[in-house]
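Undergrad: My questions all concern the structure below.
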Amino acid sequence: MPRPLRVAIVGAGPAGIYAADALLKSDAAAEPGVSIDIFERMPAPFGLIRYGVAPDHPRIKGIITALHQVLDKPQVRLFGNVNYGTDVHLDDLRSFYDAVIFSTGAMFDRELRIPGVELDGSYGAADFASWYDGHPDVPRAWPLEAEKVAVLGVGNVALDIARILAKTADELLPTEIPANVYEGLKANKALEVHVFGRRGPAQAKFSPMELRELDHSPNIEVIVNPEDIDYDEGSIAERRKNKQTDMVAKTLENWAIRDTGDRPHKLFLHFFESPVEILGEDGKVVGLRTERTELDGTGNVKGTGATTDWDVSAVYRAVGYLSDELPKIPWDTTTGTIPDQGGRVIEESGEPMASTYCTGWIRRGPVGLIGHTKGDANETVANLLDDFANGRLLTPETPETDAIVSFLEGKGLTYTRGREGAGRAAGPRAREDRRARGHAARQRRDPVVAAVTPEGPPTGRSRGPRAFPVLP
C-alpha cells in the first residue's frame with residue numbers, strides 16, 4: 001500500500017491552513033492519502049487574524065472557527081514555537097516531506113521614507129496592532145500620552161488603528177481585549193485622531209463596512225472636509241467599475257455634508273494630503289507636515305507645493321505590511337515576495353525549485369482580504385498535486401510521521417502541539433470574563449509554551465522572542 005503524500009506547511013495563518021484544507025479536499029486525500037504538518041514560529045496559530053485584527057472585529061476573528069475545523073482533522077498536525085531558518089531548515093524539511101509550502105505572510109511594517117520616522121512618538125501600525133492583540137513578544141505597555149494623533153494610510157489597518165485610538169477602553173470590554181491593553185487604553189489621552197490619505201476618496205482602500213463602523217461608536221465624531229470630496233475622470237470610472245469604491249465614496253460624501261456633532265472624540269479623515277516630514281523637537285514628534293495634492297485626470301495625484309503643518313504629538317504609519325526574507329528561498333527584493341509561477345517557487349535561473357511552493361502574502365504581497373488567500377492556496381496546491389502525479393517531487397529520506405518529532409526533540413526544542421496550541425490561541429472559551437480570557441490567551445512566549453506543552457514548563461532550549469522595536 002503506498003504511503004501518504006507528506007507535506008510541510010511553514011506558517012499557520014489563513015494562507016497555510018487554507019492550503020492544508022485544499023490538500024484535504026483533493027483526490028490525493030483519498031488515495032494515497034495526505035499527511036500534513038504545519039510549522040508556526042509563534043506558540044499559537046492564525047497569524048494576522050490572531051495578532052493583527054483589532055479586537056472589536058469578532059466577525060473577522062470568527063474565521064478562526066473555520067480554521068479550527070481544518071486543524072482538527074486527523075491528517076493535520078500543528079507544531080508551534082518552531083521557527084524556520086533557526087529551528088528547522090529547508091534541507092531538514094526535504095528529508096521528511098515530499099513537498100514544502102511557505103505561507104509565512106507579512107508581519108512587519110513597510111518602510112516609509114520621509115524625514116522624522118525615527119523620532120520618539122513615530123510608530124509602525126503593525127507594532128501597535130501586535131500590542132493591542134497581545135502578541136507575546138511585544139512590551140506589555142504602550143505610550144498613549146498624545147492628545148492629537150496622526151495615522152498615515154487609507155486602508156483597513158489605518159481604520160483599525162484610528163478606531164482603537166479614538167474609542168474608550170470600556171467600549172472594548174465586550175471583546176477579548178487583554179487586561180494590560182484595557183488598562184493602557186483607559187489612560188489613553190487621545191481626543192483627536194487625524195487619518196491622512198495621499199489621494200482622494202475614490203482611491204481609498206477601506207472596506208465599506210469597516211468605514212461605516214467608525215460612525216457606530218457613541219464617542220467618535222467622524223469628520224470629513226467637503227473640500228476633500230473631489231473626483232476626476234479616472235476616479236469616476238473607478239466608481240462605476242467597482243461597487244465597493246462607490247459605496248466608500250458615498251459614505252464619505254454623506255459625512256462631508258452633515259453638521260459636526262458633539263461626540264467627545266474627533267476622528268478626521270483627510271484626503272489629498274501627502275506626508276512629507278514628521279516634525280520633531282528634542283527627539284520627539286511635535287507635528288506632521290503634508291503637501292496638498294490634486295488629481296491629474298487618471299485617478300493619480302500630483303503635488304501642488306502647498307504644505308500644512310499639523311499639530312500632533314504621535315504618528316502611526318499604516319502604509320502596508322512587509323514579509324521576511326526566508327533563508328535558502330529565492331527572494332524578490334523589489335516586491336518583498338517569493339518569485340513564483342502558479343505557486344511554484346522559481347529559482348534565479350527561471351526554473352521551478354523542486355518540491356517547493358508558496359501561497360498567501362509571501363507570494364503576492366500584502367494586498368487583498370483574508371478570503372483572497374483561498375484562491376492562492378487552491379492554485380498552489382493544484383500545481384503541487386500535478387507535480388506529484390507526474391513524478392516531479394523529490395523523495396524524502398525519512399517520510400515516517402514520527403521522524404520529525406524525533407528530530408525536534410533531539411534538538412531540545414520546546415514546541416506546542418495540535419489542539420493545545422490552537423485552543424490557547426483562541427482563548428479559553430469557558431470563562432465568562434472576556435478580559436480575563438484575552439489576558440490568558442495572550443502572554444509572554446515562555447508561559448504560553450509552558451501552558452500548552454503536555455510536559456509542563458519547558459525543559460529544552462527556551463527560544464528568544466522576535467526582535468521588536470524598543471518602545472518607551
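Undergrad: Which residues, taken from the stretch 275-319, are among the basic types (Lys, Arg) and either modelled with pLDDT under 95 or farther than 19 Å from Ala146 by Cβ (or both)?
TA: Restricting attention to the stretch 275-319, the residues satisfying the condition of being among the basic types (Lys, Arg) are 284, 289, 292, 302, 317.
Listed by number, the residues that qualify are Arg292, Lys302.
Undergrad: Return a yes/no flag: does the stretch 425-444 have any residue that is in a loop (DSSP other than H, G, I, E, B) and at pLDDT 50 or above. Write out each step before concluding.
TA: Of all residues in the stretch 425-444, those in a loop (DSSP other than H, G, I, E, B) come to 427-433, 442-444.
Cutting the leftovers down to at pLDDT 50 or above gives us 444.
Within the stretch 425-444 (the criterion being in a loop (DSSP other than H, G, I, E, B) and at pLDDT 50 or above), the answer is yes, since at least one residue qualifies.
Undergrad: Just to confirm my filter: which strands (runs of 3 or more DSSP E) fall fully inside the stretch 229-315 and include at least 1 residues that are crowded, with 19+ Cβ neighbours inside 10 Å and among the polar types (S, T, N, Q)?
TA: Details: elements: 265-270, 273-281, 284-295, 301-310.
The qualifying strands (runs of 3 or more DSSP E) are 273-281, 284-295.
Undergrad: I'd like to know if the stretch 373-389 contains one or more residues that are within 27 Å of Pro14 (Cβ to Cβ), part of a loop (DSSP other than H, G, I, E, B), touching a residue at least 24 places away in the same chain (Cβ under 8 Å) and not small (Gly, Ala, Ser).
TA: Initially, the stretch 373-389 is screened for residues within 27 Å of Pro14 (Cβ to Cβ), giving 373-389.
Imposing the further condition that a residue be part of a loop (DSSP other than H, G, I, E, B) reduces the set to none.
No, the stretch 373-389 contains no residue that is within 27 Å of Pro14 (Cβ to Cβ), part of a loop (DSSP other than H, G, I, E, B), touching a residue at least 24 places away in the same chain (Cβ under 8 Å) and not small (Gly, Ala, Ser).
Undergrad: Next question, about the same structure. Do we have any residue at all in the stretch 16-38 that's outside any helix (DSSP H, G or I), within 15 Å of Trp361 (Cβ to Cβ) and touching a Ser or Thr at 6+ places or on another chain (Cβ under 9 Å)? It would help to see each step written out before you state the result.
TA: Filtering the stretch 16-38 for residues outside any helix (DSSP H, G or I) gives 25-26, 30-38.
Then drop every residue that is not within 15 Å of Trp361 (Cβ to Cβ), which leaves none.
Within the stretch 16-38, none of the residues are outside any helix (DSSP H, G or I), within 15 Å of Trp361 (Cβ to Cβ) and touching a Ser or Thr at 6+ places or on another chain (Cβ under 9 Å).
Every residue, every condition in (1) at pLDDT 90 or above; (2) over 20 Å from His372 (Cβ atoms); (3) open to solvent by 10 Å² or more (accessible area, probe 1.4 Å); (4) within 17 Å of the chain's Cα centre (by Cα), yes or no:
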residue	(1), (2), (3), (4)
Asp27	yes, yes, yes, no
Ser35	yes, yes, yes, no
Arg41	yes, yes, yes, yes
Ile49	no, no, no, yes
Thr65	no, no, yes, no
Leu78	yes, yes, no, no
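Undergrad: Let me ask something additional. Might you check whether a residue that is assigned to a loop (DSSP other than H, G, I, E, B), in contact (Cβ under 8 Å) with a residue 40 or more places away in the chain and open to solvent by 20 Å² or more (accessible area, probe 1.4 Å) occurs anywhere in the stretch 341-358?
TA: The initial filter retains those residues of the stretch 341-358 that are assigned to a loop (DSSP other than H, G, I, E, B), namely 342-343, 347-351.
Checking the rest, the ones that are also in contact (Cβ under 8 Å) with a residue 40 or more places away in the chain come to 342-343.
Pick out the ones that are also open to solvent by 20 Å² or more (accessible area, probe 1.4 Å) and you get none.
No, because not a single residue in the stretch 341-358 is assigned to a loop (DSSP other than H, G, I, E, B), in contact (Cβ under 8 Å) with a residue 40 or more places away in the chain and open to solvent by 20 Å² or more (accessible area, probe 1.4 Å).
Undergrad: Do we have Pro55 as in a loop (DSSP other than H, G, I, E, B) and either modelled with pLDDT under 95 or within 22 Å of the chain's Cα centre (by Cα) (or both) here?
TA: Working: in a loop (DSSP other than H, G, I, E, B): yes; either modelled with pLDDT under 95 or within 22 Å of the chain's Cα centre (by Cα) (or both): yes.
Here the answer is yes, as Pro55 does meet what is asked.
The values are calculated or read from the model by the stated rules, or taken from the named source; none is laboratory data. The model shown is predicted, which means the values in this text are computed figures rather than measured ones. Using ideal geometry, Cβ is built from the backbone for each residue, glycine included, and neighbour counts are taken over all protein chains shown. The area values use the complete protein model at the heavy-atom level, side chains included, leaving out ligands, DNA and RNA. Shrake-Rupley method; radii C 1.70, N 1.55, O 1.52, S 1.80 Å.
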